[in-house]
Amino acid sequence: MNKLDPKAFGLACGILWSAAVLIMGLLALICGWAHNFVIALGILYVGYKATVVGSAIGAVWAFVDGGICGFLLAVLYNKLANK
C-alpha cells in the first residue's frame, strides 16, 4: 500500500497554493485580471490585496493554509488507505 508523506505533501500543497495566490495578486495589479479572485480571497486572508505587499501577504497566508490542508489531506488519505 502506498502512503503519502504528510510533511512533504503539506509543503508541496503550500508552495503551489502560495505561488498561485501570489501570481493572481500580481496579475490583478498589473493587468486587472483575477481582481474578483483577489477580492474574494482577501476576505479570508487579511491583508491580501492587488498590491505587491498585499500579494506577498496573501502568499504567506496561502502557504500556511495550503500546508495545513495538504498535511491533513495526506493524513486522512493514509488512514483511509489502510482500511
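The values are calculated or read from the model by the stated rules, or taken from the named source; none is laboratory data. As the structure is a computational prediction, the values presented were derived from the model and not from experiment. Accessible surface areas use protein heavy atoms only, side chains included; no ligands, DNA or RNA. Shrake-Rupley method; radii C 1.70, N 1.55, O 1.52, S 1.80 Å.
Solvent-accessible area per residue in the chain equals 66 Å², computed with a 1.4 angstrom probe and all protein chains kept.
For the chain, the mean residue ellipticity at 222 nm estimated from helices alone is -27500 deg cm²/dmol, where every DSSP H run of n ≥ 4 contributes -39500 (n - 2.57) and the total is divided by all residues, rounded to the nearest 500.
Counting lysine pairs in the chain whose alpha carbons fall under 28 angstrom apart, excluding pairs fewer than 8 residues apart on the same chain, gives 4. With a 1.4 Å probe rolled over the protein heavy atoms of all chains, the accessible area of Met24, Met1 falls in the order Met1, Met24, largest first. Kirkwood analysis of the Cα pair distances in the chain returns a hydrodynamic radius of 13.2 Å.
Could you tell me what percent of the accessible area of the chain is made up of carbon and sulfur, with a 1.4 Å probe and every protein chain present?
So the carbon and sulfur contribution to the accessible surface is 77 percent.
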